[in-house]
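The structure is given below, and queries will be raised subsequently.
The values are calculated or read from the model by the stated rules, or taken from the named source; none is laboratory data. Remember, predicted model here, so these are calculated numbers, not experimental data. So basically every Cβ, Gly included, is an ideal-geometry build from the backbone, and we count neighbours across all protein chains shown. These accessible areas exclude ligands, DNA and RNA; they are computed on the full protein's heavy atoms, side chains included. Shrake-Rupley method; radii C 1.70, N 1.55, O 1.52, S 1.80 Å.
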Amino acid sequence: MPADQQGAPPRLQLVPEPPEVAAPTPAPPRRRSSFPPKNGRLSGDDLIAELFEACSDLHFLQDTLAGADFILALTLDKIPCALGLVSLFDINRREFVVVRQYGGKSALLARLSERAPLPLAAMRSRRAVVVPDAAKDERVMDERWKAIGVELRSVICAPVELAGRYLGLLEIGNPLDGKPFSESDGNALTYIGQQFAEFVGARDVVLEPGLVTAGAKKAAR
């Protein structure tokens, strides 16, 4: 080895840094169907399939009234209509209390007896009652609908119950396409009511007027 290289430190070999790799872009969330559906009202298996997917989001909510907001919005999206009511059950007075509403004049906190004909039929059958022509069915009209002040053409009333325990009601009226509600719509609202019942059953029924009205105002913004 030449004298001028004796004792010299070994040369360092520089290793080039690997090129930066961009982080993968997260996939966009799946879009829900439009409101109203482009091809008209959904029905049958298509409607149930969309509800099955959408209802999975419900159980991430912590608050009963937030769940009521979610259920009402989901129902109006999948079964487009002019009126919607979500009620919870006051076990002490055996009455259904409106906690969320869409359409017409406010009937928030209005009450309906568990013995009223339409809710009674829904609870006993454990499925939605479909009224294609509301003008010909005496079970439909009650003080709540009168206060809302909209002429009812077609109505569905679905139970929110869990193993025979009354928890609430889902009611919708007047489809936006002008046609009467169908049994397919009733099956869909029955399914939504079942999902909401599981949600409410795992939480508390909230009927405090201050919480109901404050939450309703916030949701309407």
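Which whole-number percent of Cα pairs in the stretch 63-220 have a distance greater than 27 Å?
The share of Cα pairs beyond 27 Å in the stretch 63-220 comes to 12 percent.
Here is a further query. Could you sort 78-90, 162-174, 198-210 so that the peptide with the highest average Cβ count within 10 Å comes first and the rest follow in order? Could the numbers behind the result be given before it?
On the way: 78-90: 22.8, 162-174: 20.3, 198-210: 14.5.
Going from most to least packed, we get 78-90, 162-174, 198-210.
Quick one: accessible area per residue over the stretch 63-220, 1.4 Å probe, rounded to a whole number of Å²? Before the final figure, lay out each step's value.
Working: 6880 Å² over 158 residues.
Ligands and nucleic acids excluded, the figure is 44 Å² per residue.
Per the 1.4 Å probe, what fraction of the accessible area of the stretch 63-220, in percent, lies on carbon and sulfur atoms?
Values: 3560 of 6880 Å².
Exposed carbon and sulfur together represent 52 percent of the surface.
For the stretch 64-75, just list the computed ³J(HN,Hα) in residue order, Karplus coefficients 6.51, -1.76 and 1.60, θ = phi - 60°, integers in Hz, with x standing in for Gly and Pro.
With coefficients 6.51, -1.76 and 1.60, one gets 4, 6, 4, x, 5, 4, 4, 5, 5, 5, 4, 4 Hz.
Rounding to the nearest 20 debye, state how big the charge dipole of the stretch 63-220 is about its Cα centre with +1 on each Lys and Arg Cβ and -1 on each Asp and Glu Cβ. Don't skip to the end; give the middle numbers.
Details: 20 positive and 20 negative charges, 39 e Å.
Value, rounded to 20: 180 debye.
Please list, in order along the stretch 184-196, the HN-Hα scalar couplings obtained from phi with the Karplus expression 6.51 cos²θ - 1.76 cosθ + 1.60 (θ = phi - 60°), rounded to whole Hz, x for Gly and Pro.
Values, residue by residue: 4, 4, x, 4, 5, 5, 4, 5, 4, x, 5, 5, 5 Hz.
Continuing with the same structure: For Leu176 and Asp133, FRET efficiency with R0 = 22 Å and r from the beta-carbon atoms, rounded to 0.05? Present the calculation step by step, with values, prior to reporting the outcome.
Numbers: r = 17 Å, r/R0 = 0.78.
Efficiency for this residue pair is about 0.80.
How large is ³J(HN,Hα) for each residue in the stretch 99-112, as worked out from phi by the Karplus curve 6.51 cos²θ - 1.76 cosθ + 1.60 (θ = phi - 60°), to whole Hz, x for Gly and Pro?
The phi angles translate into 10, 9, 8, 10, x, x, 6, 5, 10, 4, 6, 5, 10, 9 Hz.
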